[in-house]
Amino acid sequence: GVRMIDFSENIHPQAEMLPLERKALYDCVASNKPKVILEVGTGCGGGATYFMSRAIQDNGLDCKIYTCDPMRGPDSPFLKRFPFVDYRADYSTNLISELIEKDIIPDFLLFDGPEDPNVALSDLKTLEPVLNKGTVLCIHDYELEKRGYDNAYSTKSKFIRPYLESSDSWEVEL
């Protein structure tokens, strides 16, 4: 049967993604059918983590999400509902090192980490030597201009955006 998903549903008051972003991420996971997702910047888990998890569950995908955020994470009912989510209260550099060491290579990346523009680029450069062709990279707050809905700026993509857009290894779709 057809499932209706309310992308405006907020399972947590601090969930930050817009409904259109949630739908795009859900659809991207559903269509790419990744085996290993690495998410940097879990937050409360109510935005990206939740909708990626729903895509996995709704589509019967065999996929594990490794997600990290040193400041906050999903609650235990969330983690019970989605047992394939491996949340770490840790920094991305540590989780990435562990995954590479264990030969767990993500084929889907979501970067939504801290406002430090060095983090996303450093994480990607650490991962690039082990990533396979066809790996999907999604970046939240990719735009460097003032956002229309809240008039705020994000600096997360300040370094990774020009790197990706000048790279021969990555195809950028906006």
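Worth pointing out:
- Taking the range 1-88 as the region of interest, the helices (runs of 4 or more DSSP H) fully inside it that hold 3 or more residues being of a type in the set (Ser, Thr, Tyr) are 48-58.
- All conditions in (1) surrounded by 19 or more Cβ atoms within 10 Å (Cβ to Cβ); (2) touching a residue at least 60 places away in the same chain (Cβ under 8 Å) hold for residue 56, with the sole exception of (2).
- Being over 20 Å from residue 51 (Cβ atoms), in contact with a strand residue (DSSP E or B) (Cβ under 8 Å, 6 or more places away or on another chain) and open to solvent by less than 60 Å² (accessible area, probe 1.4 Å) is a property that residue 105 has.
- Among the residues making up the range 155-174, a single one is more than 15 Å from residue 140 (Cβ to Cβ) and in contact with a strand residue (DSSP E or B) (Cβ under 8 Å, 6 or more places away or on another chain): 170.
- Scope the range 94-115; condition free of Cβ contacts under 8 Å to residues at least 60 places away in the same chain and either closer than 19 Å to residue 65 by Cβ or touching a helix residue (DSSP H, G or I) at 6+ places or on another chain (Cβ under 9 Å) (or both); matching residues: 94, 95, 96, 97, 98, 100, 101, 102, 103
- Within the range 148-174, residues that are over 29 Å from residue 132 (Cβ atoms) have Cβ atoms under 8 Å from residues that are basic (Lys, Arg) in these pairs: 152/146; 153/146; 153/147, counting only partners at least 6 apart in sequence or on another chain.
- The set of residues from the range 9-45 being within 23 Å of residue 94 (Cα to Cα) and open to solvent by less than 60 Å² (accessible area, probe 1.4 Å) comprises 34, 36, 37, 38, 39, 40, 41, 42, 43, 44, 45.
- Qualifying residue in the range 162-174 (condition: assigned to a loop (DSSP other than H, G, I, E, B), open to solvent by 30 Å² or more (accessible area, probe 1.4 Å) and under 23 Å from residue 54 (Cα atoms)): no
- Number of the condition not met by residue 117 [criteria: (1) modelled with pLDDT of 95 or more; (2) over 16 Å from residue 39 (Cβ atoms); (3) over 15 Å from the mean Cα position of the chain (by Cα)]: (1)
The values are calculated or read from the model by the stated rules, or taken from the named source; none is laboratory data. Computed from a prediction, not measured in an experiment: that's the story for all the values here. All Cβ positions, even for glycine, are placed from backbone atoms using ideal geometry, and neighbour counts span all protein chains on display. Ligands, DNA and RNA are excluded from the accessible area calculation, which covers all protein heavy atoms including side chains. Shrake-Rupley method; radii C 1.70, N 1.55, O 1.52, S 1.80 Å.
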